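Undergrad: What follows is a single structure, and I will ask about it in a moment.
The values are calculated or read from the model by the stated rules, or taken from the named source; none is laboratory data. Just so you know, these numbers come straight off a predicted model, no measurement behind them. All Cβ positions, even for glycine, are placed from backbone atoms using ideal geometry, and neighbour counts span all protein chains on display. SASA here: full protein model, heavy atoms, side chains in, ligands and nucleic acids out. Shrake-Rupley method; radii C 1.70, N 1.55, O 1.52, S 1.80 Å.
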Amino acid sequence: MDLYLCIGQSNMAGRATIEEQDKDSIQNVFLFTGKEDEPWEKAANPLNKYSTVRKGIKMQKLGLSYGFAKEMVNAMPNKKIGLIVNAKGGTSIEEWKPGDTLYNQAIKQVRKAMEYGVLKGVIWHQGETNAGRYDKYMPKIITLIESLRADLNTPNLPFVAGQLSPDKPKRNNFNIMILELTNTVGNTGVITTENTLTIDDTHFDSASQRLLGKRYAEEMLKLISNKIK
């Protein structure tokens, strides 16, 4: 399988309504459960259900990884995709510091999953908690990326981040800052959040989650293509 790690805070965990069209299992996409007797199952929402760090199961709804997986399969129909979704709502980037619980749990889950496939990339959506401290964010995300690459022995591991909802003006500086990631760290991508809507000025609605997931996939596919070349 081609494996993808999906981490971050609540928009990655998923807070949007799982609508009728989101209730299918995705062909050729499997979700890592972490269970010894059944480590994988057909991917179906909510995809953050097996996160080892998540909040209550009732909070886990439609997140970015669903649209991401659908688009990846559309682009590569002959591939089997394995998702390791290990997000937690309300977390700051400081809580994802290498060596701390959230980071260690993500690494642990990926290493177990890598017995069944090859890690191809990471999608990351986080920043709402850090929007007011945007000027201190870049060094921390650089450390996160470099640590993931080192600890997972994948030096050029593709990493895609995303802008936050523009519904609150205080996030504008963060959204400008995060675009610089691609000029700062190699083999990274950033997706924009233009033409999206939220349910509460923070959490994307269902249609926007599907759209953003597709954007993550498009950016990931570009990075994978460049890596192959």
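Undergrad: Just how large is the dipole of the stretch 1-157 about the Cα centre, in debye to the nearest 20, putting +1 at every Lys and Arg Cβ and -1 at every Asp and Glu Cβ?
TA: 180 debye
Undergrad: A further question on this structure: For the chain, what relative contact order do you get, as a whole percent, if you take Cα pairs closer than 8 Å and at least 6 residues apart?
TA: 25 percent
Undergrad: Next question, about the same structure. Among the lysines, which fall within straight-line cross-link reach of Lys112, defined as a Cα-Cα distance under 21 Å, with same-chain neighbours fewer than 8 residues apart omitted?
TA: Cα-Cα hits under 21 Å: Lys35, Lys42, Lys49, Lys79, Lys80, Lys88, Lys97, Lys120.
Undergrad: For Met76, what residues show an amide H to amide H distance below 5 Å, using hydrogens built from the backbone and excluding near sequence neighbours?
TA: Correct list: empty.
Undergrad: Then there is this: Using amide H atoms built in the peptide plane, which far-off residues or other-chain residues are under 5 Å from Thr198 H to H?
TA: Asp205
Undergrad: Specify the residue with the greatest mean-square fluctuation among Ser147, Ser65, Ser165, computed from a Gaussian network of the chain linking alpha-carbon atoms under 10 Å apart.
TA: Among Ser147, Ser65, Ser165, the largest mean-square fluctuation in the Gaussian network model of the chain belongs to Ser147.
Undergrad: May I pose another question? Rounded to the nearest Å, what's the spacing between the alpha carbon centres of the stretch 152-229 and the stretch 83-99? Just the number, please.
TA: Comparing the Cα centres of the stretch 152-229 and the stretch 83-99, I get a distance of 16 Å.
Undergrad: Label the stretch 105-229 by shape, choosing from rounded, prolate and oblate, from the square roots a ≥ b ≥ c of the eigenvalues of the Cα gyration tensor; if a/c is under 1.5 it is rounded, and otherwise prolate applies when a/b is larger than b/c, oblate when it is not.
TA: prolate
Undergrad: Using just the helices of the chain, give the 222 nm mean residue ellipticity in deg cm²/dmol: DSSP H runs with n ≥ 4 each add -39,500 (n - 2.57), and the total is spread over all residues, rounded to 500.
TA: Only helices count here, giving -10500 deg cm²/dmol.
Undergrad: Can I ask one more? Once neighbouring chains are kept in place and the probe is 1.4 Å, which whole percent of the accessible area of the stretch 110-229 is contributed by carbon and sulfur?
TA: For the stretch 110-229, the apolar C and S fraction of the accessible surface comes to 50 percent.
Undergrad: Tell me the net charge near Tyr66. Cut-off is 9 Å between Cβ atoms, Tyr66 excluded, with +1 for each Lys or Arg and -1 for each Asp or Glu.
TA: The answer is +1.
Undergrad: Could you check what % of the DSSP bridge pairs in the chain are antiparallel, to the nearest 5?
TA: The antiparallel proportion sits near 20 percent.
Undergrad: Still on this structure: List, in order, the whole-Hz ³J(HN,Hα) value for each residue of the stretch 200-206 obtained from phi through the Karplus relation with A = 6.51, B = -1.76, C = 1.60 and θ = phi - 60°; use x for Gly and Pro.
TA: Here the 3J(HN,Hα) series is 7, 6, 10, 8, 5, 7, 4 Hz.
Undergrad: Oh, and also: What is the Å³ per residue value for the convex hull set by the Cα atoms of the stretch 37-142?
TA: 129 Å³
Undergrad: Name the long-range amide H neighbours of Phe30: under 5 Å, sequence gap of 5 or more, or other chain; modelled H, no Pro or chain starts.
TA: Ala43, Ile81, Gly82, Leu83
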